[in-house]
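Here's the structure we're looking at; comments come further down.
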Amino acid sequence: MLRRATAADTEALVAFNADIHRDPGDEGHSPFMAAWVRDLMSGAHPTFDVGDFTIVEDTRTGVIVTSLNLISQIWSYAGVPFGVGCIELVGTRPDHRRRGLVRRQMAVAHRWSAERGEVIQGITGIPLDYRRFGYERAVDHEGGRTGYLPDIPDLASDGVEPFRLRPATGTDTPFIAALDEQARSRSLVSAVRDASLWHYELEGRLEERYRSALCVVERVDGRPAGYVVHARELWRTRLFVEAFEMELGVSWLAATPTVLRYLRTTGKPIRSSPAPVTLKDSPSVSAPTTRSTARFPTGSPARTCPTHGTCGCRISRGSCATSHPFSRRGSPLRWRRGTPPRSSLVSTEAASASSSSMGAWLT
């Protein structure tokens, strides 16, 4: 039976997703997936309701056999906002696969998205698999740059840090949202995050270990100058920086060494924890790029890159190496026919998009 989830399904959905979406070879369940589902079902997310999960259950046992959800977002194309339905947590128990159950749920989620006025649906996951449901690879993501600890400059023995970092509080979310809007102006496609979404990321998640750490960069006199968002745990040997932005007029060259030294200090106690390190690479700090890229559906006519004009990246395969040499993973997008964003720069015929690696960070 296919139905919408209710609050009474919370623990069953948590157990199902923590089991289905654990990494291959892992024993037990995924605590991250369990925390994510519990967060979404808590009612704290600004754009998500518990009924935005679909469930197919075995009517004989009441066990969930497959599920997915729809998270509504606002994106921007060249400054023009439009609705996006992001489909997440698609999973089916092995003994119920290849029965068309995901297709039925996709049709429901696409209908919900259309009823909300969302002009595209997006999903990340298995490359090319979602073409079966009308998706094409359109936006690169997960690009970044990596810096290594020995390259971080030390503060002179008689020096004073020109900036300092402190944990953000709820009163900082309007400032962070304004700087995020400033950062989005550099990307052709971006996700719009208002103060309510930043507040959810700061205080709305139930388990602190799975919240990103939000920090305000302050001048020595206490005035805010920027913000940094980073993971609270290492990924293997890396501490990921998800966002870093400074106010206009503030020198990035002056602030960045302070931020890097903060990240080095923050990562040391995490690295010394008993969690095993499986790779022998050097400890490092990784940050997203701010350059854009474009990807066109396979088989579409060759077109010039909307970010770089006639840079020669007229692609129907692969991404624009001129703009983004780091990532080759594409996020599929599904354009709803007849309802493109109201902008002369976008058309459903081209179905093209460009994104910084920050595009889908906050869901």
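The values are calculated or read from the model by the stated rules, or taken from the named source; none is laboratory data. A quick note: this is a predicted structure, and the numbers were derived from the prediction, not measured. All Cβ positions, even for glycine, are placed from backbone atoms using ideal geometry, and neighbour counts span all protein chains on display. Heavy atoms of the whole protein, side chains included, go into the accessibility calculation; ligands, DNA and RNA do not. Shrake-Rupley method; radii C 1.70, N 1.55, O 1.52, S 1.80 Å.
Between Asp158 and Ala15, the distance separating the two model label sites (each 7 Å from Cα on the Cα→Cβ line) works out to 6.7 nm.
Between Arg236 and Ile126, residue separation times 0.36 nm minus the direct Cα-Cα distance comes to 37.4 nm. Expressed as a whole percentage, what fraction of the accessible surface of segment 92-166 belongs to carbon and sulfur atoms when a 1.4 Å probe is rolled over the protein heavy atoms? Percent of accessible area from carbon and sulfur atoms in segment 92-166: 51.
Along the axis of the charge dipole computed for segment 102-190 (Cβ charges of +1 for Lys and Arg, -1 for Asp and Glu, origin at the Cα centre), the listed residues Ser185, Val108, Tyr135 are led at the positive end by Val108.
Amide H contacts of Val217: Ala225, Gly226, Tyr227, Val228, each under 5 Å away and 5 or more positions distant or on a separate chain (H built 1.01 Å from N in the peptide plane; Pro and chain starts excluded). Dimensions of segment 146-272 from C-alpha coordinates, computed as largest minus smallest value along each principal axis and given longest first, are 41, 35, 29 Å. Taken as Cα centroids, segment 151-174 and segment 8-71 sit 38 Å apart, rounded to the nearest whole angstrom. Report the percentage of all Cα-Cα pairs in segment 170-223 whose separation exceeds 15 Å, rounded to a whole percent. Tail fraction, whole percent: 55. Please list, by residue number, every one of the trypsin sites (Lys or Arg not before Pro) in segment 1-90 that is coil in DSSP and has at most 10 other beta-carbon atoms within 10 Å. Of the trypsin sites (Lys or Arg not before Pro), the ones in loops of segment 1-90 whose Cβ has at most 10 other Cβ atoms within 10 Å are Arg60.
Label point of Glu181 set 7 angstrom out along Cα-Cβ; within segment 217-248, amide nitrogens under 19 Å from it belong to 224-228, 244-248. Measure off, as a whole percent, the carbon and sulfur share of the 1.4 Å-probe accessible area of segment 198-254, all protein chains present. Summing carbon and sulfur atoms, their accessible area is 52 percent of the total for segment 198-254. Short-range pairs are left out: with C-alpha atoms under 8 Å and at least six residues apart, the relative contact order of segment 1-73 is 34 percent. Run the numbers on segment 131-276 and let me know its relative contact order in percent, using alpha-carbon pairs under 8 Å that are six or more apart. Over segment 131-276, the number comes to 23 percent. With a Förster radius of 22 Å applied to the C-beta separation of Ser196 and Leu248, the computed FRET efficiency comes to 0.35.
When only the Cβ of Lys, Arg, Asp and Glu is charged (+1, +1, -1, -1), the dipole of segment 76-232 relative to its Cα centre reaches about 1080 debye. Stokes-Einstein diffusion for segment 1-132 at 10 °C, viscosity 1.306 mPa s, with a Kirkwood radius from C-alpha pairs, works out to 102 µm²/s. Taken per residue, the accessible surface of segment 1-106 reaches 46 Å², heavy atoms only and a 1.4 Å probe.
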